[in-house]
Amino acid sequence: MAEEELKKRTAKGLLWGGIGSGAFQLLNLLFGIFLARLLTPADYGVIGALTLFSGVAGMLSESGFILAIVNKREVTDRDLNSVFWFNVVVSLLLYAVLFFLAPLIAEFYRMPEMVPLSRLLFLGFVFGGLSATPTAILFRNMRVKERTQMMLVAVTLSGTVGVICAYHGWGYWGLAMQNTVYSGSMAVLLWIKCRWLPRAEFDWSAIKSMLPFSLKQLATSVFTHINNNFFALLLARFYGMRLTGFYTQGNKWVAMCYSTLTMTINGVGQPVFREAGDDPQRLCRIFRKILRFTVFISFPAMFGFAIVSPQLITIAITDKWIDCVPVMQILCVWGAFMPVSTLYGNLFNAINRPGIYMWTTISLGLLQLLCVVGSYRFGLNVMLMVYTVLNILWLLVWQRSAFRCIGLRLRDVLADISPYLFISATVIGFTEFVTKGIANNFLALGAKIAMAATLYFLVMKLIGASEIEEVKEYFKKKKIDEDA
């Protein structure tokens with residue numbers, strides 16, 4: 001693909017990905033506010049305790065083939081049919097296994113009522129297995145706009161169902177219904193939009209050709225998910241559902257914030273890197289360009305989210321959730337760097353080096369588990385601080401691998417990141433200092449957002465940040481094309 005066409009598709013993908021992710025998270029936020037006001041921390045703790053099992057099962061059900069299809073140079077209908085039937089069989093078998101293991105999971109948490117609840121939640125990964133192939137088709141072809149539309153419909157439908165259930169006193173069943181309806185409606189919408197129908201065709205050689213990549217991707221995803229949800233399992237087992245609920249709620253709010261950008265990068269990064277071919281210099285240029293855009297948004301967004309979290313939580317979901325604020329503030333620091341880690345992962349998958357991605361992630365995960373266990377007796381906040389510092393330092397390991405693969409230099413990456421990090425930290429720190437005396441939560445929230453956004457924009461304009469001009473140029477070109 002020509003350089004200009006690739007740039008155009010990248011810009012369009014980033015634009016629609018950003019709009020879609022932002023709208024998706026905004027809807028999630030609105031429904032989350034209603035649910036948090038209706039439910040208790042313990043309700044969220046119960047669902048958080050089961051997230052580890054349902055998430056891992058969901059990844060196993062699609063077996064890592066989504067990225068395998070996206071990454072493959074040429075994909076035939078035989079490949080798609082084979083992957084579809086493989087995922088269907090695996091997802092149904094896994095659901096059957098976990099259906100009968102539900103009593104053991106309930107016994108582990110000492111909650112017999114988890115048996116029917118977990119069986120409902122586990123339906124989500126059956127839907128995931130059914131929809132893996134249409135997801136890969138849309139992802140591969142960078143049909144970001146259509147995926148955005150489907151996500152917004154699904155989150156609106158599932159959020160409405162969840163709120164209605166919670167309003168009628170269903171407790172944590174409202175959250176379970178929300179999750180299940182979302183995955184089910186997404187599966188239906190994906191099949192409608194992808195315009196592809198499977199045939200009764202299965203070729204093991206097609207699966208075998210993608211298996212090395214997909215297994216590495218699967219191992220990486222499963223290990224990452226286990227590591228990310230280890231806190232909830234540990235807290236639920238030893239500290240009770242209430243503290244687990246505070247962690248789950250705080251982590252959910254932070255994830256909504258940084259996921260807006262990581263979803264955008266995931267929807268564009270790997271397909272764009274794949275189109276760039278095997279030219280290391282071109283890959284470096286594209287990587288650095290997306291990196292600058294990433295930190296241009298993520299640093300001010302996440303640091304800003306940290307300073308407004310006390311007011312935001314109090315206003316949105318009341319003081320009963322105030323104990324989740326320290327969790328949010330600590331995780332916001334890692335959340336600012338999380339999209340950078342995602343970008344490195346996209347790069348390694350796109351250049352067909354999933355082994356690097358897998359072993360680096362597994363090594364990080366094992367080290368994190370050791371650190372969490374070592375700091376366990378000091379409480380949740382200390383564990384989160386250790387987790388955050390370790391993950392930020394681990395970016396140096398990702399960078400070392402990127403240098404070996406495509407010659408991406410550390411000094412270039414630091415040159416791209418440092419200005420945005422320094423300016424964001426300075427602007428957010430100054431804003432917090434100036435507004436800390438405002439007692440009214442509404443005034444404090446408004447003042448912090450207005451001041452931080454204005455100062456950041458003015459500084460970016462002053463230094464001539466290219467990201468602002470590129471966004472303006474994109475909209476100008478789009479208007480010209482529409483008027484022509």
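The values are calculated or read from the model by the stated rules, or taken from the named source; none is laboratory data. Remember, it's a predicted structure, so these values are computed and weren't measured experimentally. Using ideal geometry, Cβ is built from the backbone for each residue, glycine included, and neighbour counts are taken over all protein chains shown.
Here are the criteria: (1) within 22 Å of the chain's Cα centre (by Cα); (2) over 24 Å from Asn352 (Cβ atoms). Tell me which single one Glu201 does not satisfy.
Result: Glu201 passes all but (1).
Only one residue in Ala166, Ala154 is closer than 25 Å to Cys194 by Cα, assigned by TED's automatic domain parsing to the domain that holds Ile69 and of a type outside the set (Ser, Thr, Tyr), so which one is that?
Values: Ala166 fails: closer than 25 Å to Cys194 by Cα.
Answer to the check: Ala154.
Residue by residue, here is whether (1) more than 17 Å from Pro134 (Cα to Cα); (2) touching a strand residue (DSSP E or B) at 6+ places or on another chain (Cβ under 6 Å); (3) touching a residue at least 60 places away in the same chain (Cβ under 8 Å); (4) of a type in the set (D, E, K, R) holds:
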position	(1), (2), (3), (4)
Ala166	yes, no, yes, no
Gly171	yes, no, yes, no
Gly174	yes, no, yes, no
Val181	yes, no, no, no
Ser185	no, no, no, no
Arg195	no, no, no, yes
Lys208	yes, no, no, yes
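Tell me whether region 74-95 contains one or more residues that are surrounded by 22 or more Cβ atoms within 10 Å (Cβ to Cβ), touching a Lys or Arg at 6+ places or on another chain (Cβ under 8 Å) and either in a loop (DSSP other than H, G, I, E, B) or modelled with pLDDT under 80 (or both).
Within region 74-95 (the criterion being surrounded by 22 or more Cβ atoms within 10 Å (Cβ to Cβ), touching a Lys or Arg at 6+ places or on another chain (Cβ under 8 Å) and either in a loop (DSSP other than H, G, I, E, B) or modelled with pLDDT under 80 (or both)), the answer is no, since none of the residues qualifies.
Sort through Gly22, Gly55 and tell me the only one that's closer than 25 Å to Val161 by Cα, modelled with pLDDT under 75 and surrounded by fewer than 17 Cβ atoms within 10 Å (Cβ to Cβ).
Gly22
Give region 345-365 a look and list any residue that's modelled with pLDDT of 80 or more, over 16 Å from Leu393 (Cα atoms) and among the β-branched types (Val, Ile, Thr), or say none.
Matches in region 345-365: Ile356 only.
Here is a yes/no grid of residues against (1) farther than 19 Å from Val340 by Cα; (2) of a type in the set (Lys, Arg):
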{"residue": "Phe378", "(1), (2)": "yes, no"}
{"residue": "Leu390", "(1), (2)": "no, no"}
{"residue": "Trp394", "(1), (2)": "no, no"}
{"residue": "Cys405", "(1), (2)": "no, no"}
{"residue": "Arg409", "(1), (2)": "no, yes"}
{"residue": "Tyr420", "(1), (2)": "no, no"}
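For region 107-126: of the residues being touching a residue at least 24 places away in the same chain (Cβ under 8 Å) and farther than 21 Å from Trp170 by Cβ, which is surrounded by the most Cβ atoms within 10 Å (Cβ to Cβ)?
Narrowing region 107-126 to residues touching a residue at least 24 places away in the same chain (Cβ under 8 Å): 108-109, 111, 114, 117-118, 120-126.
Subsequent filtering for residues that are farther than 21 Å from Trp170 by Cβ retains 108, 125-126.
Numbers: Phe108: 14, Phe125: 25, Val126: 22.
Step by step, filter region 107-126, then rank; the result is Phe125.
With Leu218, Leu152 as the choices, which residue is crowded, with 20+ Cβ neighbours inside 10 Å and under 27 Å from Phe24 (Cβ atoms)? Don't jump to the end; show me each part of the working.
On the way: Leu152 fails: crowded, with 20+ Cβ neighbours inside 10 Å.
Answer to the selection: Leu218.
One residue is enough: does region 300-307 have a residue meeting the conditions assigned to a helix (DSSP H, G or I), within 19 Å of Phe273 (Cβ to Cβ) and assigned by TED's automatic domain parsing to the domain that holds Met460? Reasoning before the result, please.
First pass over region 300-307, keeping only residues assigned to a helix (DSSP H, G or I): 300-307.
Okay, now just the ones that are also within 19 Å of Phe273 (Cβ to Cβ), so none.
Checking region 300-307: not a single residue is assigned to a helix (DSSP H, G or I), within 19 Å of Phe273 (Cβ to Cβ) and assigned by TED's automatic domain parsing to the domain that holds Met460.
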